[in-house]
Amino acid sequence: MTKSKFSHPVKFASTLGLLSVLVLSTSTSTLAQPSQPASSPARSSTNLTVKRQYGTCPQKVGLTTLLIPFEGGAEHTVVANTRAIAGSARVSSSGKKFVEYEAPLQKAYASCVGQATSPELRAYRFRLGNGKVYFRVDVGWADGTTQITSRSLSAGLPYVRWIATE
């Protein structure tokens with residue numbers, strides 16, 4: 001079997017044609033996709049340092065946050081990770097702009113008097129005293145419109161969802 005002197009140009013043309021179709025279909029499908037939002041959900045876990053005033057205190061208390069931006073605002077979800085230092089929580093007081101939970105401290109920390117806050121997460125505050133940990137979410141400081149939309153417990157842990165809009 002002998003090769004035609006034109007077999008290489010045919011292979012080249014076929015390959016070039018296939019590449020052209022791939023490039024054209026890729027650019028068309030890329031153009032057809034909806035644009036991605038400028039911001040996407042952001043989840044973080046943070047340990048706030050407990051500033052001890054008296055007694056035996058835990059060094060840190062955990063906080064998990066989820067921020068879901070939307071046009072003109074954001075939805076915030078926060079879970080206080082108090083399991084390592086306390087028992088199951090319950091809502092002790094609440095309003096449109098705040099909610100406070102309390103949970104009994106473990107025996108090792110029952111004498112603790114202290115607090116844990118963060119300037120970056122100023123809506124959230126832990127206070128330890130009277131044998132309990134108090135977790136407060138207060139969204140009244142924020143500019144615009146804020147509202148707590150859900151206050152509940154997740155496996156005995158304080159769980160709060162709130163929104164902020166311009």
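Restricting to region 109-132, name every residue that is at pLDDT 95 or above, aliphatic (A, V, I, L, M) and surrounded by fewer than 20 Cβ atoms within 10 Å (Cβ to Cβ).
Ala110, Val113
Enumerate the pairs (first residue in region 42-58 and in contact (Cβ under 8 Å) with a residue 40 or more places away in the chain and assigned to a loop (DSSP other than H, G, I, E, B); second residue anywhere and β-branched (Val, Ile, Thr) and crowded, with 16+ Cβ neighbours inside 10 Å) with beta-carbon separation below 8 Å, excluding pairs fewer than 6 apart on the same chain, so at least 6 apart or on different chains.
Close Cβ pairs (under 8 Å, with a partner that is β-branched (Val, Ile, Thr) and crowded, with 16+ Cβ neighbours inside 10 Å) amount to Val50/Val61; Cys57/Val50; Pro58/Val50; Pro58/Ile85.
Filter region 153-166 down to residues that are within 11 Å of Ala89 (Cβ to Cβ), open to solvent by 40 Å² or more (accessible area, probe 1.4 Å) and assigned to a strand (DSSP E or B) and give me whichever is modelled with the lowest pLDDT.
Ser154
Looking at (1) under 20 Å from the mean Cα position of the chain (by Cα); (2) open to solvent by 40 Å² or more (accessible area, probe 1.4 Å); (3) more than 19 Å from Arg43 (Cβ to Cβ), which is the only condition Ser93 fails?
(1)
Are any residues in region 139-152 in a strand (DSSP E or B) and either aromatic (Phe, Trp, Tyr) or surrounded by fewer than 18 Cβ atoms within 10 Å (Cβ to Cβ) (or both), and if so, which ones? Break it down stepwise before answering.
The initial filter retains those residues of region 139-152 that are in a strand (DSSP E or B), namely 145-152.
Once the filter is applied, which keeps residues that are in a strand (DSSP E or B) and either aromatic (Phe, Trp, Tyr) or surrounded by fewer than 18 Cβ atoms within 10 Å (Cβ to Cβ) (or both), region 139-152 yields Thr145, Gln147, Thr149, Ser150, Arg151, Ser152.
Just give me the residues in region 36-65 being in contact with a Pro (Cβ under 9 Å, 6 or more places away or on another chain) and open to solvent by less than 60 Å² (accessible area, probe 1.4 Å), in sequence order.
Once the filter is applied, which keeps residues that are in contact with a Pro (Cβ under 9 Å, 6 or more places away or on another chain) and open to solvent by less than 60 Å² (accessible area, probe 1.4 Å), region 36-65 yields Ala42, Val50.
Give all pairs with beta carbons closer than 7 Å in which a residue from region 102-113 that is on the phi < 0 side of the Ramachandran plot meets a residue that is of a type in the set (S, T, N, Q); count only pairs at least 6 apart in sequence or on separate chains.
These pairs meet every condition: Glu102/Ser92; Ala103/Thr82; Ala103/Ser88; Ala108/Thr56; Tyr109/Thr56; Ser111/Thr56; Cys112/Thr56; Val113/Gln53.
When region 80-89 is examined, which residues are found to be under 18 Å from Arg161 (Cβ atoms) and open to solvent by 30 Å² or more (accessible area, probe 1.4 Å)? If you could, list the steps in order and put the result at the bottom.
Taking region 80-89 and keeping what is under 18 Å from Arg161 (Cβ atoms), we get 80-82, 89.
Asn81 - this is the single residue of region 80-89 that is under 18 Å from Arg161 (Cβ atoms) and open to solvent by 30 Å² or more (accessible area, probe 1.4 Å).
Looking at (1) surrounded by 10 or more Cβ atoms within 10 Å (Cβ to Cβ); (2) under 22 Å from Trp162 (Cα atoms); (3) at pLDDT below 50, which is the only condition Ala74 fails?
Evaluating Ala74 over (1) surrounded by 10 or more Cβ atoms within 10 Å (Cβ to Cβ); (2) under 22 Å from Trp162 (Cα atoms); (3) at pLDDT below 50 leaves (3) as the failure.
The values are calculated or read from the model by the stated rules, or taken from the named source; none is laboratory data. Bear in mind that the values here come from a model prediction, so they are computed numbers and not experimental data. Backbone-built Cβ (ideal geometry, glycine too); neighbour counts: all protein chains shown. These accessible areas exclude ligands, DNA and RNA; they are computed on the full protein's heavy atoms, side chains included. Shrake-Rupley method; radii C 1.70, N 1.55, O 1.52, S 1.80 Å.
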